[in-house]
1. So for region A:173-185 (the condition being in a strand (DSSP E or B), buried (at least 17 other Cβ atoms within 10 Å of the Cβ), within 14 Å of chain B (Cβ to nearest Cβ) and touching an Asp or Glu at 6+ places or on another chain (Cβ under 8 Å)), does at least one residue qualify?
2. Specify the residue that is farthest from residue B:710 (Cα to Cα); the eligible residues are those in region B:223-261 that are among the small types (Gly, Ala, Ser) and modelled with pLDDT of 90 or more.
3. How many residues does region B:733-758 contain that are polar (S, T, N, Q) and more than 46 Å from the chain's Cα centre (by Cα)?
4. How about region B:812-836: which of its residues are among the hydrophobic types (A, V, I, L, M, F, W, C) and part of a loop (DSSP other than H, G, I, E, B)?
5. Among the residues of region A:76-95 satisfying the criterion of being more than 18 Å from residue B:853 (Cα to Cα) and assigned to a strand (DSSP E or B), which is nearest to the other protein chains (Cβ to nearest Cβ)?
6. Any idea which residue in region A:193-204 is nearest to the chain's Cα centre (by Cα), counting only those that are crowded, with 22+ Cβ neighbours inside 10 Å and part of a strand (DSSP E or B)?
7. Going by what's in this entry, would residue B:760 be described as within 14 Å of chain A (Cβ to nearest Cβ) and not charged (D, E, K, R)?
8. Tally the residues that are surrounded by 20 or more Cβ atoms within 10 Å (Cβ to Cβ) and within 14 Å of another protein chain (Cβ to nearest Cβ), restricting the search to region B:776-790.
Amino acid sequence: MKKTIFKGSVIILFILFLSGFLSSASAVDLPNINKSKIRFSIAPGKAEYGEIIVENQSSEPRSMRVYLSDWDYLPPADGTKEFLPVGSIPLSSAAWISFSPAEFTLSPFSKQKVDYSVKVPANASGGYYAALFFESIFTKAQPAKEGMQVGMNLVIRIATLFYVDVEGTVKRTASVDNLLFKKDAGNAPYSIGLDFRNTGNVDISAGGTFHIMDDKGMVISRGEFNDIHTFPASGAKLAAALKDSLPKGEYDLVFTLDLGKALEEANIGRGPIITKEARISIGENGKILDIGQLK
Amino acid sequence: MKKFSAILLVLIFFSSLVLPAYGYNLIPEYLCEIGIKFYQEGRYTEALEEFNKALLLEANYKPALQYIHKIETLKSPELPEEENIEVKPEPSRGNRILKRDIVMERILRSEEKRRGRVLAATPKVIALDALLAKVNGALEIQQGESLSLYITGMQRFLVTQPDIIRVERKAPEQILVTGVNIGYTYLHVWDANGLRTLEILTVPVKPAGESLEDMSRRQQEKARNFKLTYSLDWSTYATGRRWDTLKRSNYYYIHNLGSSGETPYGNLDASLAVNRYNNITDVTHYTLGLTNGKFGDFKDFTLRVFDFFDIPPDFSNLAFPGIPLRGAMLASPAFNNKLNYTAFYGKENWSGFASLSPELNQERDAYLEGFNLGFTPTGKQNYKFTLIHGWGQDRDPALKSFGYDLMGDWLLDKWKLGYELANDTKNSANLLKMHYVQPNLSFNAQLRDIDKNFQSITGSAWSQGQLGGLFSFNYSPLDKLQIYSSLDIYKDRLYPAPGNNDSWNEDFNWNSVYRVDPLTSVSLNYALQNELGRISQYRYQSIDAGINRNFKFFKDVNLFLNYYDQENTNFSSPVSDYSNQRIYTGVKINLTRDLYYYASQEINWLTEISTGNKTQPSAFETGLDWSGQIGKSPFFGACRFTYRDEQDTESNLSFLSGEDYIEGYSELSYRPNTDTQVYGSCRVRNVWGDNPNVTKRMEASFNSGMRFLWDTGINWQAIGDIEGYVFKDLNSDGVMGRDEPPVQGIKVWLGKTKSIVTDIFGYYKFKNVRGNKIYVNLDTATIPNGFVLTVPATQAVSINQHQTARVDFGIISRSEIFGYVFEDLNGDNQFGKKDKGVRNTVIILEDGTKRITDSGGKYSFPSVSPGEHEITLDLNTLPVYYLPKTALTKKITLFEGVAYNYNIPLKRTQGTD
């Protein structure tokens, strides 16, 4: 019993310590940047110039360090990123980016302009990527005993992601195959899946819809796929669920996939779409009898 | 009880009869709704079934019959086809008919357009093939706009976002696409060629004519042009016993000619006025001015010669109340707007109107000159000092030759305090002001002490001889309630009450309005003038309450009713004492769009206190009022007819003239555009009355005139030079410093046609540049690798006449040495995803600068000068189980703007970390 109480006390103390640590960490006023994503379309051999404003929203001065990094999308391609040393990925644009200054101190509630340039080599083609990190070290003094303090360093960094499309060389293409249409149990929703592969030379953020039509051309049901984010030559799973029950009959499953969500987000255009359809046959109680070829 | 039960049973019986009948009547409508849905989806057979069912229940149900007729028409061979017949359809009778229809439609459209109308409901017809060939990207369709698509061999269609567009199948091979909500959608169509997709963007309805941006740009361009303005106002007034004996008693006209435009030296304006009054004609006013002036570095000044009245900035005070002068005036800011000054000189009473009327004063030998200095140390403080001097033989000898005025204002959060001290070399005037404001309350207090002998430079002073205070507030305790009140307590030392120099006067006002609802408001007001301390002693008080209501009774109607209770006691003249109760009520009715009928009635119950006489002066007025545009023509008109009847107005205290009249007024104006107006108006009044003091007569007045603005299109642009430097902006502040070196060989563009390359000093210059605002661009292709811009690559510059504008461009490079110290797990000497960074390792630059690798093994010397460098790995900081795979020291040649990457691979020899 005593052991249990002791264990319980230790756990509670640990939780209290963590919560104190987290609350002090969250109390830090993070520096702010005015651009979290920058997408350029630059012709080979040409350059673009710009600036990023870093703002200190706290009443304490902040020492900032600026540096470049590479990044990649992590599985399952839902937008989660992994940041890597410069030169780690073949489509790194870090070497094309110059910036100044690399170190500076932000006075309380002040702003600092960081100028940058992106110069694309004459022989480049496709899409290239990098991240510019703004890093600050916070030293938080934690009172320990009477008259004593314990220092703790907390490194916080925020990034601006660079997407560089080499103008005139971009191929935004993808393939979808391996249609999955299944129902696990009688009342379970239908699962719809597609294998997506980026066959172009730029990043693709894609999403889409599916429609189920009867032979008279009436839409029986519709739904949306998850958004995916891919680099060239990488793949992802598009998945959707259909909760509606389907009466016995023959249907056409129509997929409309939008490959231009990244362009739309950057407000620089809309991408191509992929349209596919497949014939499905549903029997009694919604049982799947046949799934046709994706075409 | 029995009766009640019987009534209840009867009611139940009737209601049971009504309900099935009601339900029965709805069934055809319901069936039709289903049929219409099928029809819109192109499922005509199913639609026909539903419409026929409806007819079974109600044989002549009109909607069902109409839809059946539509479907039968659609199934006939005369099908519509596309307008743009780029894809050749097979020749058929239907095609011929369609072409004929299209031709007819075009003729109708052009005819309607010519008449200024548009066939709103007729959608465009186009073939899908032709559309896909034309459209690159999304097809834009406006909200509410329809497009008829003809698709050969159409099988079915699908809209991915059905809330964006509405698609109806109008025929087996025709669909009608209508924009509904703003956004993108895809329209899939299956036809003989398989699946085809059209992207559609629904956009808001675009306003007709040019866009706001275009309009704004055009207006800006036009604003620079020189413009001529001319106006003529002509007026005559005639009166007589009858219409045929009317005789002109006054005649007047004025020509105004003006010109204004932007010049390289500021905005120039000039104007001239010629007046005629009866038989005398004279040039009464002429002026020439320059605002926002610029002569080199002397900027933002205002210069005016000849006639002027407004003297900036807000130059009016106790010593100088502000009068028209003929002379010259200069006002300008200085020292970054901290100071502003005004100097002027002019002749008093210049007005040419004096010469038009012999009764008015003639030109006088009287002059004024003055100087005003303003000082604004912060946005919350302001001080002004004025010195004024007057002289001339015709000046009133009692006036002083000099006057001084000092003002100060302070803004303290919600408080604003101010004072003013004026002196005419002998006597003083003092003013202390306070203003408090918050969202629903404002309060003002003003204390004044004006010496009874103090005079302004031109004559009597404001509130001369008064000592007192004025307090007022504006308060909205509720959104619907607004209260304003003021109290003025003062002593009149110039004209005090006879025998009582120390008496005070009180003026009090209370006004409150409560808005009961958006259409109804009630008001309650009180006024007291207790002026017992002035030479004419009286006390007047009035309380009134009123209601105002708008409502709809077939038409918009406005009603008002006010009641007043007034009492006047005049201690200096008791025959003026009275008490009066007054009702004033009226109505205004909107008969048609711009035509109103109005009527009002005023009734007084007046008692003359000194005589005890009681009278009921009253007035009734009614009429019709119309004003508005005549059709869609550029003509605008106004007509008013008024009848007024006053009764019982013989008493001197009735405050009614006793005149009865009928009056007609009409006006016609021609306004083809905003720059032109020609107008004429006429008013005729026939006056009579039962009051013996009223003269029976006819009055007529005629007015006419024109206004005209002519944009000459002439634009006087400045010519100047632009120069500047391209430099290494070492501190990234965008400003060229002494120690910041120039950059040679960078191309700078003037607009899109002219360019120049910076010389050895980083200098460039464009000579004789003509324009108002010019854009200078840095050619970024000529910037060396690794450099960034510290200012925008494109900068706008204003051209000043014969001045040189300067535009500098800062660029900066940063040379860096960085790299990773890592455990080379895959043995390829390259740092990759599978390798592991080693932290807390020290790298030393040749000057002793040290950097410690971070948790990822990275080190960086972020700002290193270009040239030869040497970096060394401090072996002592390396864990013992690692051995470097490269030399400990590396010599590096670093070029400007380059980030040099040097990684140090390590090999593990033993143990673990």
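1. Looking through region A:173-185, none of the residues is in a strand (DSSP E or B), buried (at least 17 other Cβ atoms within 10 Å of the Cβ), within 14 Å of chain B (Cβ to nearest Cβ) and touching an Asp or Glu at 6+ places or on another chain (Cβ under 8 Å).
2. B:240
3. Qualifying residue count for the region: 1.
4. Those that are among the hydrophobic types (A, V, I, L, M, F, W, C) and part of a loop (DSSP other than H, G, I, E, B): B:825, B:831.
5. Only one residue fits best here, namely A:82.
6. A:204
7. Criteria not met by residue B:760.
8. Summing the residues that are surrounded by 20 or more Cβ atoms within 10 Å (Cβ to Cβ) and within 14 Å of another protein chain (Cβ to nearest Cβ) in region B:776-790 gives 7.
The values are calculated or read from the model by the stated rules, or taken from the named source; none is laboratory data. Fair warning: this is a prediction, and the values are worked out from it, not measured in the lab. Virtual Cβ from ideal backbone geometry, glycine too; neighbours counted across all protein chains shown.
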